[in-house]
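Below is one structure, written out as structure tokens; the observations come after it.
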Amino acid sequence: MMSEVLILVLSFVILLAIGVPVAWSIGISSILTILASIDSLAAFTTVAQRMATGLDSFSLLAIPLFILAGQIMNQGGIAQRLIDFAKALMGALPGGLIYVNVIAAMLFGAISGSAVAATSAMGGILGPAMKKEGYSNEFGAAVNITASTTGLIIPPSNVLIVYSLASGGVSIAALFLAGYIPGILMGLALMLVAAFWIKKKKYPAGERSSLKHIGITFLHALPSLLLLVVVIGGIVSGIFTATEASGIAVLYCLILSFTNRELKVSDLHSVFLGSVGTTAVVMLLIATSMSMSWVMSYENIPQAVSDGLLGLSDNIFIILLTINLILLFVGIFMDITPAVLIFTPIFLPVVVSLGVDPVHFGIMMIMNLCVGLCTPPVGSVLFIGVSVANSTIQKVMKPLLPLYLAMAIVLLLVTFIPEISLWLPGLFE
């Protein structure tokens, strides 16, 4: 088995190092590994079958529909309305635009389910305003980058749907509910770091909004915020499934965007084209990742890792800390979707055998990998945030460090205090 493990790991790392796209790297390394055990025709046929089977899931239909909903929101003026509401609430505080960035990113990321969309929208709208008012461009970019990942924890989240698939059917409704408190804690931790920075820079307070202005901005943002109530409320109450909820989200966003007159029929071509491009990338990643998961299972790699971890220690805290460190390292080099699909079947049986709830582990895993989205060399959110801010990774890294620390502290709290994740789902059992 060691030879197959070496083939899998070395081929994957080498392919990534020479610039082969992640999905192709996963697929090719899977084929090379299985070729060591069976003949070529059977190997290619099996990998192709596993890729097709991996996509044959009704719950996966939610992903392209939520992606489409996010694209509609991005072009439908929803981000601006959420920013206006957050600014009315927090703009009067010293350094208020930083807090506005965090809150708006949490709201928009949660509604769109996309960290990339949130980074692009918040950076594009708030970035120029921050520069005009004399904020540090690099710190603003760092806050935008880290805050945007909260949308992958706060539902609805495509990554939580992927984890449900990889885990063998953990309740999507429970995962969605479990993400609220950790996601909000992450946002509050980032705001705390921002508060220290604002105090150090001695930023003046902004203009206080009147109650009337707050009310108006709230009413403008309310239809967008109600999407969360409709989607999550419908799933939790059993009115519709997560997949059906994604279809309702698309319809709701279309009606809202046309009603707001922020989206025209002529814009739909670019909206659909962008959604198809993103969906194709995500689905290819899922297909090849499912084939690699099967190859690893065929070669008994998860069992070997499980035995190794349990042989290391039978202390649950040591095991969870070790898994955290491994996932943080993995997140630096691998995108979040393939990482969830590949490592869930490896680590989930280990933690379940120690009494860890699969819902709790799912939130812990996603939070781990969210850190990787903000780190070089693969972090997609990092690159988009830096690009939107017209800065460089070298300049943004210094202000990112205290924000990384805040994310790590919240991650440890969620890891070792399961009630943070499980309390809210427990209320609806």
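The values are calculated or read from the model by the stated rules, or taken from the named source; none is laboratory data. Model, not experiment: these values are computed from the prediction. FYI the Cβ positions are ideal-geometry reconstructions off the backbone, even for glycines, and counts take in every protein chain you see. Calculation scope for accessible area: heavy atoms of the full protein, side chains included, ligands and nucleic acids excluded. Shrake-Rupley method; radii C 1.70, N 1.55, O 1.52, S 1.80 Å.
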For the chain, what is the accessible area per residue in Å², given a 1.4 Å probe and the full set of protein chains? 42
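With viscosity set to 0.890 mPa s and temperature to 25 °C, compute the Stokes-Einstein D of the chain, Rh being the Kirkwood radius across alpha carbon pairs; µm²/s, no decimals. All intermediate terms of the calculation are to be shown ahead of the outcome.
On the way: Rh = 22.2 Å.
D, rounded to a whole number, is 111 µm²/s.
Take each of the peptides 70-79, 414-423, 272-281, average the number of other beta-carbon atoms within 10 Å over its residues, and list them starting from the highest.
Order by mean packing, descending: 70-79, 414-423, 272-281.
When Rg is the radius of gyration of the Cα atoms in region 242-313 and Rh is its Kirkwood radius, what does Rg/Rh come to? Don't skip to the answer; put the middle values down first.
Numbers: Rg = 21.1 Å, Rh = 16.1 Å.
On the Cα set of region 242-313, Rg over Rh gives 1.31.
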Longest principal axis of the chain (C-alpha) makes with the long axis of helix 40-55 (C-alpha) an angle, in degrees to the nearest 10, of 30
With bins of 10 Å, the percent of all Cα-Cα pairs of region 1-141 per bin from 0 is 10, 26, 19, 19, 17, 8, 1
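Compute the relative contact order of the chain as a whole-number percentage, counting only Cα pairs closer than 8 Å that sit 6 or more residues apart in sequence. Intermediate values should be presented prior to the final figure.
Working: 643 pairs, mean separation 107.8, N = 429.
Reported as a whole number, the value is 25 percent.
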Cα-based Rg of region 112-219 per 2.2 N^0.38 Å, rounded to two decimals? 1.31
Under a cut-off of 21 Å between alpha-carbon atoms, report the lysines in cross-link reach of Lys87, not counting same-chain residues fewer than 8 places apart. Lys131, Lys132, Lys199, Lys201, Lys202, Lys212
Largest-first principal axis extents of the Cα set of region 216-354 (Å): 61, 30, 29
Tilt relative to the chain, helix 301-312 - C-alpha long axis, 0 to 90 degrees, to 10: 80
Quick one: length gained pulling Phe329 to Ser59 fully straight, 0.36 nm per residue minus the C-alpha distance? 94.3 nm
Determine, from the Cβ-Cβ distance of Asp307 and His269 and an R0 of 60 Å, the FRET efficiency 1/(1 + (r/R0)^6), rounded to the nearest 0.05. 0.65
Can you list residues whose amide H is under 5 Å from Gly95's amide H, if they're 5+ apart or on another chain and H is modeled 1.01 Å from N? Gly206
Among Leu226, Leu320, Leu285, the residue with the largest mean-square fluctuation in a Gaussian network model of the chain built from Cα contacts under 10 Å is Leu226
In whole angstrom, note down how far apart the Cα centers of region 414-429 and region 295-341 are. 23
Angle between the Cα long axis of helix 211-236 and the longest principal axis of the chain, 0 to 90 degrees, nearest 10? 20
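Could you tell me the convex hull volume per residue, in Å³, taken over the Cα atoms of region 26-65? Kindly include the intermediate steps, with their values, before the conclusion.
On the way: hull volume 2.6 nm³, N = 40.
Residue-normalised Cα hull volume stands at 66 Å³.
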Based on the Cβ-Cβ distance from Ser171 to Asn300, what FRET efficiency comes out when R0 is 22 Å, to the nearest 0.05? 0.15
From the C-alpha gyration tensor of region 282-348, square roots of 5λ in Å: 23, 15, 7
How high is the FRET efficiency from Ser3 to Leu412, r the C-beta distance, R0 51 Å, rounded to 0.05? 0.85
How much length, in nm to one decimal, is gained on full extension between Ser387 and Ser37, taken as 0.36 nm per residue of separation minus their Cα-Cα distance? 121.5 nm
Using a simple spin-label model with points 7 Å from Cα along the Cα→Cβ vector, what separation in nm is obtained for Thr259 and Ala280? 3.4
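Leaving ligands, DNA and RNA out of it, report the carbon-plus-sulfur percent of the accessible area of the chain at a 1.4 Å probe.
Exposed carbon and sulfur together represent 70 percent of the surface.
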Among Gly385, Gly355, Gly247: highest mean-square fluctuation, GNM of the chain, C-alpha pairs under 10 Å: Gly355
I want to verify the translational diffusion coefficient of region 22-92 in µm²/s; compute it with Stokes-Einstein, Rh as the Kirkwood radius over Cα pairs, at 37 °C and 0.692 mPa s. 203
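What per residue convex hull volume, in Å³, comes out for region 73-135 when only alpha-carbon positions are used? Please list the in-between numbers first.
Values: hull volume 4.3 nm³, N = 63.
So the per-residue hull volume is 68 Å³.
If each residue of separation counts as 0.36 nm, what is the full-extension length gain between Ser380 and Ile316 once their alpha-carbon separation is subtracted? If you can, show how the numbers build up before the last one.
On the way: separation 64, 0.36 × 64 = 23.04 nm, distance 3.22 nm.
Answer, rounded to one decimal: 19.8 nm.
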In whole Å, largest first, the alpha carbons of region 210-256 cover along the principal axes 41, 22, 9
Regarding region 299-399, what's the average projected area of the Cα-atom convex hull, expressed in nm²? 7.3
